[in-house]
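Following: one structure in structure tokens, then a few remarks.
The values are calculated or read from the model by the stated rules, or taken from the named source; none is laboratory data. Only a predicted model underlies this, so the values are computations on that prediction, with no experimental measurement involved. Calculation scope for accessible area: heavy atoms of the full protein, side chains included, ligands and nucleic acids excluded. Shrake-Rupley method; radii C 1.70, N 1.55, O 1.52, S 1.80 Å.
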Amino acid sequence: MELGLENLVVGFEKKQLNEPFSASFKAGNVYAILGRNGIGKSTLLKTIAGILDPIGGSCLWNGTNLQQLTPEQRAKKVAIVLTGRPFVADLTVEELIGLGRNPHKSWFYKESETDRALCYEAATICNCLPFLNNKGVELSDGQFQLVMLARAVAQDTPILLLDEPTTHLDPAKKSELLYITNKLATEKNKLVLFSTHDVEFMFEAVNEVLVCTSDGFKLEHIDAIKDTAALNRIFPSKFLTYNEKLQQLKYR
């Protein structure tokens with residue numbers, strides 16, 4: 001199973017953000033999207049998810065054009081976790097995770113044992129069990145990020161899109177997120193695709209990265225961008241270097 005982007009052009013309000021590009025992403029793997037602010041990373045994720053229409057080209061899942069599906073059909077293929085903290089009223093963590101099952105329900109549909117089992121599994125995978133009965137407003141930003149991930153996991157889709165997932169996370173939670181995304185890919189055969197500015201986290205998380213620059217979008221092996229010249233191509237700056245021996249960024 002794979003996601004194929006064919007001659008895809010993304011943007012909003014008819015503003016084109018990239019030249020047409022093509023790439024394929026296989027299930028069972030984690031991929032990153034790397035690029036500077038405003039280059040189109042979030043717009044690309046929203047286009048794959050169907051929140052935005054492509055300006056050109058198509059997004060195919062095993063040959064099926066995702067843009068031609070109904071919102072209900074697409075929500076069974078793609079789950080997305082966006083940045084920001086949505087208003088959650090007085091919902092508990094358990095109720096928030098349960099929202100992930102909505103695409104699988106009709107108006108007369110009652111929660112099934114399968115729904116409950118998938119929600120509990122998602123809470124377990126994302127380490128949300130300790131605060132399952134807490135209200136969403138009581139959570140730290142890092143905890144809330146894990147809950148939104150669990151909601152998406154409960155949605156039980158083959159494609160999982162994460163927009164800047166390391167935002168608000170401390171180093172321990174970043175490591176936890178890395179473990180979770182790898183587990184979802186390898187054990188659940190999901191395709192995980194996330195956008196990031198967190199270069200050092202990305203080096204640990206993926207083997208391939210969609211590099212987004214003003215010259216175009218291109219899928220590259222992670223080793224191809226582990227040097228100062230490559231990173232300056234992505235993040236133009238005279239203050240940024242990369243220590244290849246330590247595999248660390250240096251800001252000068």
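Computed on region 71-157, the Cα convex hull volume stands at 99 Å³ per residue.
The eigenvalues of the Cα gyration tensor, multiplied by 5 and square-rooted, give region 96-145 an equivalent ellipsoid with semi-axes of 22, 12, 9 Å from largest to smallest.
The share of C-alpha pairs in the chain whose separation exceeds 31 Å stands at 25 percent. Of L146, L161, L231, the residue with the greatest mean-square motion in the GNM of the chain, using alpha carbon springs below 10 Å, is L231. In whole percent, and with a 1.4 Å probe on the protein chains, what portion of the accessible area of the chain is carbon and sulfur? That share works out to 49 percent. Compared with the dominant Cα axis of the chain, that is its longest principal axis, helix 171-188 is turned about 70°.
For the chain, the relative contact order is 25 percent, taking Cα pairs closer than 8 Å that sit 6 or more residues apart in sequence and dividing their mean separation by the residue count. Counting every pair of alpha carbons in region 118-249, the share spaced more than 20 Å apart comes to 51 percent. Overall form of region 1-41: oblate. Here a/c, set by the Cα gyration tensor axes a ≥ b ≥ c, is 1.5 or more, and a/b is not larger than b/c. Across region 6-156, the fraction of Cα-Cα pairs farther apart than 24 Å, rounded to a whole number, is 42%.
Helices in the chain, meaning DSSP H runs of at least 4 residues, each add -39500 (n - 2.57). Divided by all residues, the mean residue ellipticity at 222 nm is -9000 deg cm²/dmol.
Residues in the chain average 50 Å² of solvent-accessible surface per residue, probe 1.4 Å, ligands and nucleic acids excluded.
Taking every DSSP bridge with both residues inside the chain, close to 60 percent are antiparallel.
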